[in-house]
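The values are calculated or read from the model by the stated rules, or taken from the named source; none is laboratory data. Here the structure is a predicted model, which is why all the values come from computation and not from measurement. Here the Cβ positions follow ideal geometry from the backbone for every residue, glycine too, while neighbour counts run over all protein chains shown. Ligands, DNA and RNA are excluded from the accessible area calculation, which covers all protein heavy atoms including side chains. Shrake-Rupley method; radii C 1.70, N 1.55, O 1.52, S 1.80 Å.
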Amino acid sequence: MLVDGKWIENWQPVQAKDSKGGFVRQTSSFRNWITPDGSPGPTGEGGFTATEGRYHLYVALICPWASRTLIARSLKGLENIVSVSVVEPALTDQGWRFGDYPGADFDTLNGVTWMHELYTRADPHYTGRATVPVLWDKEKRTIVNNESADIVRMFNSGFGTLASPDYDLYPEALRSKIDALNDVLYARLNNGVYRAGFATTQLAYEEAYKGIFNMLDEVEERLSGGTPWLVGNQLTESDIRLFVTLVRFDAAYHGLFKCNRRRIADYPNLSRHLERMLDVRGVPETVNLDHIKRGYYSIKALNPNGIVPLGPDLAWAAHLPPTPRPLGAGA
């Protein structure tokens, strides 16, 4: 991680834990918002006007938080408005690296090798982990925001007429229901799998494990009534949050993170939801199974020999393009 702008130690998955030995996720530090007229958003400062070609998104295809921003970018038709770069899947001793691994990019915009170098360009005294996603301002040469939830909502409404109106991922009439569902999805499932995988005590692991499968059972039941989506009768950001965990579950979380009571393949309604999301235009291109498996199984603390499993066979993988397509990379 970085301390006062200096890289001081090899990357570790757990850099903070609670009193039970549970994994504690770092709070995002850059919280400015892009808005149609450049006015301040809910947090941070103003001055970030929605402009074609001004902003760049840095992502890892292994990462569910980054992937949900990619999905929002696609659904809102912002592929030609916001450019993107993908880091290599393996987590190195210095964290995320740019390079020529298939499906990854060199950083032609800023010319850095490591993600942490972008953080120190934005703040020479930055202390913390260099996480993805990162939304970068080419004009001010700084990080706009590194909180995925903010970036999803920026892509949904912050680009005004530059964005497609086909999807409203956070419709006003459903916001209270979306917020309530997002809170429990995050705590028990999206972050729950990490709390299980990175637990440092049996107690912390078992607590996270129970929360994960209670949540999966509840969502399976929620989807049993015939509605295709989680909130209302339309695709919202809650569906994206669910999807990015489901699509990684059987390939990584079930084995590596010891979330092994059941697979997503054992849940009929969750499986249908996963496949329904993969039938939405632009979503399959955000899923790269090779990056997902190579990324998670590169975590030395959990898999010191770096062996990547050949399986599992995933029925929904038939919905993916035979060859991953470019995500609109470039500066």
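When a 1.4 Å probe is rolled over the protein heavy atoms, the share of accessible surface on the chain that falls to carbon and sulfur comes to 50 percent.
Inter-label distance, Asp123 to Glu79: 3.4 nm, where each label sits 7 Å from its Cα along the C-beta direction. 3J(HN,Hα) along the range 208-216: 5, 4, 5, x, 4, 6, 5, 5, 4 Hz, from the Karplus curve 6.51 cos²θ - 1.76 cosθ + 1.60 with θ = phi - 60°, whole Hz, x for Gly and Pro. Farthest toward the dipole's positive end in the chain, which of Tyr267, Pro321, Val152, given Cβ charges of +1 (Lys, Arg) and -1 (Asp, Glu) about the Cα centre? Of Tyr267, Pro321, Val152, it is Tyr267. Largest mean-square fluctuation among Lys138, Lys76, Lys293, in a Gaussian network model of the chain whose springs join Cα atoms under 10 Å apart, belongs to Lys138. For the range 76-139, the percent of C-alpha pairs falling in each 10 Å distance bin, counted from 0 to the bin holding the largest distance, reads 19, 52, 25, 3.
Let's see if you can work this out: charge +1 on each Lys and Arg Cβ, -1 on each Asp and Glu Cβ, no other charges. What is the dipole magnitude of the range 116-212 about its Cα centre, in debye to the nearest 20?
In debye, rounded to 20, the range 116-212 gives about 180.
Between Leu302 and Asn260, the modelled labels are 1.3 nm apart [label points 7 Å from Cα along Cα→Cβ].
What separates the Cα centres of the range 99-126 and the range 26-67 is a distance of 17 Å. Note down the relative contact order for the chain as a percent, whole number, built from C-alpha pairs under 8 angstrom at least six residues apart. Once divided by the residue count of the chain, the mean separation gives 21 percent. Our summary gives the range 261-331 a relative contact order of 34 percent, counting only alpha carbon pairs under 8 angstrom and 6 or more residues apart.
Of the listed pairs Lys258/Lys300; Lys258/Lys293; Lys76/Lys140, which have alpha-carbon separations greater than 21 Å here?
Pairs exceeding 21 Å: Lys76/Lys140.
Under a Gaussian network description of the chain, with springs only between Cα atoms under 10 Å, the residue in Ala60, Ala196, Ala173 that fluctuates furthest is Ala173. The calculated FRET efficiency for Asp313 paired with Ala180, based on their beta-carbon distance and R0 = 35 Å, is about 0.45.
A 1.4 Å probe run over the chain, with the rest of the protein chains in place, finds 42 Å² accessible per residue. Place +1 on the Cβ of every Lys and Arg and -1 on the Cβ of every Asp and Glu in the chain, take the dipole about the Cα centre, and give the residue among Met277, Ala72, Ile212 whose Cα lies farthest towards its positive end. Checked the options; the winner is Ile212. GNM, the chain, Cα, under 10 Å: largest mean-square fluctuation among His291, His254, His125? Among His291, His254, His125, the largest mean-square fluctuation in the Gaussian network model of the chain belongs to His125.
Under the √(5λ) rule applied to the eigenvalues of the Cα gyration tensor, what semi-axes describe the equivalent ellipsoid of the range 88-226? Give them in Å, descending.
Semi-axes from the Cα gyration tensor: 31, 25, 14 Å.
Rounded to the nearest 20 debye, the dipole magnitude of the range 190-309 is 360 debye, with +1 charges on Lys and Arg beta carbons, -1 on Asp and Glu beta carbons, and the Cα centre as origin. Charging the Cβ of each Asp and Glu at -1 and of each Lys and Arg at +1, and nothing else, the dipole of the chain about its Cα centre rounds to 520 debye.
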